[in-house]
Amino acid sequence: MSYEKVIQAKEIVIGSKQTANALRNQEVSELIIAKDADMKLKADLVKIASEQNVTITYVDSMQKLGKACKIDVKAAAVAIKK
């Protein structure tokens with residue numbers, strides 16, 4: 001389901017650093033995080049998203065999340081922009 005949201009989203013931000021920046025700039029409507037991503041990375045993003053009252057959704061695989069973003073590498077986090 002969440003992979004579908006990423007596929008259908010009009011504008012996304014891929015990657016933890018870019019996602020963190022988008023969150024800080026209040027540009028994000030939903031944060032998608034892979035469960036198999038680094039613990040500290042997840043904790044940092046969840047903290048920022050919680051402060052911004054952004055919905056957080058977890059998916060199982062960085063590999064599948066990258067594929068949903070149409071990239072050939074894994075993605076730890078994706079932000080769906082407002």
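The values are calculated or read from the model by the stated rules, or taken from the named source; none is laboratory data. In this text, all values refer to a predicted model and were calculated from it rather than measured experimentally. Methodologically, a virtual Cβ is constructed for each residue, glycine included, from the backbone with ideal geometry; neighbour enumeration extends over all protein chains shown. Accessible surface areas use protein heavy atoms only, side chains included; no ligands, DNA or RNA. Shrake-Rupley method; radii C 1.70, N 1.55, O 1.52, S 1.80 Å.
If I filter segment 45-55 for residues that are open to solvent by less than 60 Å² (accessible area, probe 1.4 Å), among the hydroxyl-bearing types (Ser, Thr, Tyr) and in contact (Cβ under 8 Å) with a residue 12 or more places away in the chain, do I get at least one hit? Within segment 45-55 (the criterion being open to solvent by less than 60 Å² (accessible area, probe 1.4 Å), among the hydroxyl-bearing types (Ser, Thr, Tyr) and in contact (Cβ under 8 Å) with a residue 12 or more places away in the chain), the answer is no, since none of the residues qualifies. Residue count for segment 27-44, restricted to those that are free of Cβ contacts under 8 Å to residues at least 40 places away in the same chain and either on the phi > 0 side of the Ramachandran plot or not small (Gly, Ala, Ser) (or both): 8.
Looking only at residues in segment 1-19 that are open to solvent by 60 Å² or more (accessible area, probe 1.4 Å) and polar (S, T, N, Q), the one that is farthest from the chain's Cα centre (by Cα) is Gln8.
May I ask you to verify whether Lys10 is modelled with pLDDT of 95 or more and charged (D, E, K, R)?
Judged against the criteria, Lys10 is not a match.
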